[in-house]
Amino acid sequence: MLYNLFEYLNNKIKENQFFAVAILRFIGGIPTQIQNLIPVLFDIKLKFYFISKFFLIKCKAKLDASIGI
């Protein structure tokens with residue numbers, strides 16, 4: 001059963017690799033170590049990983065600065 005869940009998630013993530021990593025980065029409360037480990041587990045392309053990391057960290061920092069965190 002756990003294998004089926006992993007296969008289902010793996011197939012969905014492979015269809016939309018950039019958006020999967022982007023959503024993972026945008027959700028607050030997930031430790032950075034886990035955010036960096038999940039793309040390895042689901043075999044995300046390095047290009048999508050770095051692009052999403054760059055843009056979403058930049059966007060999140062701008063959002064945090066604008067609301068005063």
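The values are calculated or read from the model by the stated rules, or taken from the named source; none is laboratory data. Just so it is clear, the model here is predicted, and its values are computed rather than measured. So basically every Cβ, Gly included, is an ideal-geometry build from the backbone, and we count neighbours across all protein chains shown. Just the protein is used for accessible areas: all its heavy atoms, side chains included, with ligands, DNA and RNA removed. Shrake-Rupley method; radii C 1.70, N 1.55, O 1.52, S 1.80 Å.
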For L41, what accessible surface area do you get with a 1.4 Å probe? Give it in Å², rounded to 10.
100
Across region 3-16, in residue order, what do the Karplus-derived ³J(HN,Hα) couplings come to in whole Hz, using 6.51 cos²θ - 1.76 cosθ + 1.60 with θ = phi - 60° and x for Gly and Pro?
5, 5, 5, 5, 5, 4, 5, 4, 5, 5, 5, 5, 5, 10
For region 64-69, 3J(HN,Hα) per residue [Karplus equation, 6.51 cos²θ - 1.76 cosθ + 1.60, θ = phi - 60°, Hz, x = Gly/Pro]
4, 5, 6, 9, x, 7
Let me check I've understood the local charge: for K53, count other residues with C-beta under 12 angstrom from its C-beta, Lys and Arg +1, Asp and Glu -1. What total comes out?
+4
Give the carbon-plus-sulfur fraction of the accessible surface of the chain in %, rounded to a whole number; probe 1.4 Å, heavy atoms of protein chains only.
70
Would you work out which of Y8, I34, G68 lies farthest towards the positive end of the dipole of the chain, given +1 charges on the beta-carbon of Lys and Arg and -1 on that of Asp and Glu, about the Cα centre?
G68
Other residues with Cβ under 13 Å from the Cβ of N36 give, with Lys and Arg +1 and Asp and Glu -1, a net charge of +2
Express the accessible area of the chain per residue in Å², computed with a 1.4 Å probe while the remaining protein chains stay in the model.
79
Relative contact order of the chain, pairs being alpha-carbon contacts under 8 Å that are 6 or more residues apart, as %:
39
Where nothing but the Cβ of Lys and Arg (+1) and of Asp and Glu (-1) is charged, how large is the charge dipole of the chain around its Cα centre, in debye to the nearest 20?
280
Over all pairs of different Cα atoms in the chain, the reciprocal of the mean inverse distance gives a Kirkwood radius in Å of 12.9
